[in-house]
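Structure first, commentary second.
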Amino acid sequence: VAGGVTALRTTPFDVIKTRTMLATTSASSRTYTNPLRAWTALFKEGGLKTLFAGALPRVLWISFGGFIFFGAYERTKAFIMEK
């Protein structure tokens, strides 16, 4: 659950990071030259909906991964403690 909440809360930062990285590879886009300008441009573009684009798949992916990894950790720990 903690991983899912964290994924939701950090989605805007991931969107900004991705847009900034893509802008550096594209000579035509100068809007996202730094994180603050990217934040402002994205918010003007579509508000919170744009900043949280892709939040649901990200939350599901990270939550599912945490579920699998935590379960595997607990099983491995129980297996080792038996010996």
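The values are calculated or read from the model by the stated rules, or taken from the named source; none is laboratory data. Worth saying up front: this structure is predicted, and the values here are computed from it rather than measured. Using ideal geometry, Cβ is built from the backbone for each residue, glycine included, and neighbour counts are taken over all protein chains shown. Accessible surface is based on the protein model in full, side chains and every heavy atom, while ligands, DNA and RNA are left aside. Shrake-Rupley method; radii C 1.70, N 1.55, O 1.52, S 1.80 Å.
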* Quick one: A53 ticks every box in (1) in a helix (DSSP H, G or I); (2) open to solvent by less than 70 Å² (accessible area, probe 1.4 Å) except a single one, so which number is it? => (1)
* Counting just the residues of region 39-50 that are open to solvent by 60 Å² or more (accessible area, probe 1.4 Å) and in contact with a helix residue (DSSP H, G or I) (Cβ under 7 Å, 6 or more places away or on another chain), which one comes out nearest to L22 (Cα to Cα)? -> W39
* Candidates A72, A41, filtered to the one that is closer than 23 Å to A2 by Cβ and in a helix (DSSP H, G or I) -> A72
* Structure fact -> (1) touching a residue at least 40 places away in the same chain (Cβ under 8 Å); (2) open to solvent by less than 100 Å² (accessible area, probe 1.4 Å) all hold for V1 apart from (2)
* Asked: Only one residue in L22, L8 is without any contact (Cβ under 8 Å) to a residue 40 or more places away in the chain, open to solvent by 60 Å² or more (accessible area, probe 1.4 Å) and not in a loop (DSSP other than H, G, I, E, B), so which one is that?
  -> L22
* With respect to T33, is the statement that it is of a type in the set (S, T, N, Q) and assigned to a helix (DSSP H, G or I) true? -> no
